[in-house]
Amino acid sequence: MDRRFLLGLARDWGIALGVAAAVFIGWNLLRPRPPSSGPAPDFTLVDTTDTQVTLSALQGETVVLNFWATWCGPCRAEVPELERFHETHPEVHLLGVSVDERLTRKALAGIARRWGISYRILHDPNGVAADPYRVNSLPTTFVIDGEGTIQASRVGPVSAKVLEHMVFHPDH
């Protein structure tokens, strides 16, 4: 092949990769991040047993909100870790907030049973809770203290050990 052709091709690919990297970095810098502290936005959602759950009704208790979806691979991978945390720390309210838009609550309940989920699953197909928490990646987890303040947040899957650290040692 012609050397000028190869140099031109390399230059074009270099420019394309540079533009793609700039777009990626710009998108990540400009998109709103989930809050890591401050007042926890209140919401009311329905769980898979058709019971309404209002976050502010849990005032005085530690709450973990885990935003997830059934189609999300990392979300599915973290379910056993969340279950392990829930079994070890039943005093902490662990709420799995499913953002699945195309599932009914009944279908979501069936999936939760098949996956062995024993913690409470809320259904948020319209972003009632996810939008105020600025959830734009799944999974995203928040720890809320008894006063209704976000103590910690994490984008990406969590292990039971990481979640314990977030709940019991949020400043470290």
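Over all other residues within a Cβ to Cβ distance under 10 Å of ALA152, the charged ones net out to -1, with Lys and Arg as +1 and Asp and Glu as -1. Remark: relative contact order (the chain) = 30 percent; criterion is Cα-Cα distance under 8 angstrom and separation of 6 or more residues. Membrane-span-like helices in the chain, defined purely by DSSP H runs whose alpha carbon atoms cover 15 Å or more axially and whose average Kyte-Doolittle hydropathy reaches -1.0, are 3-30, 73-88. The charge dipole of the chain, taken about its Cα centre with unit charges on the Cβ atoms of Lys, Arg (+1), Asp and Glu (-1) only, comes to about 860 debye. Fully extending the segment from SER137 to THR54 would add 27.6 nm, taking 0.36 nm per residue of separation and subtracting the current Cα-Cα distance.
Bear in mind these aren't lab numbers, they're just calculated from the coordinates by the rules spelled out. Keep in mind that this is a model prediction, so the values were computed, not measured. Here Cβ is always computed from backbone atoms with ideal geometry, including for glycine, and neighbour counts include all displayed protein chains.
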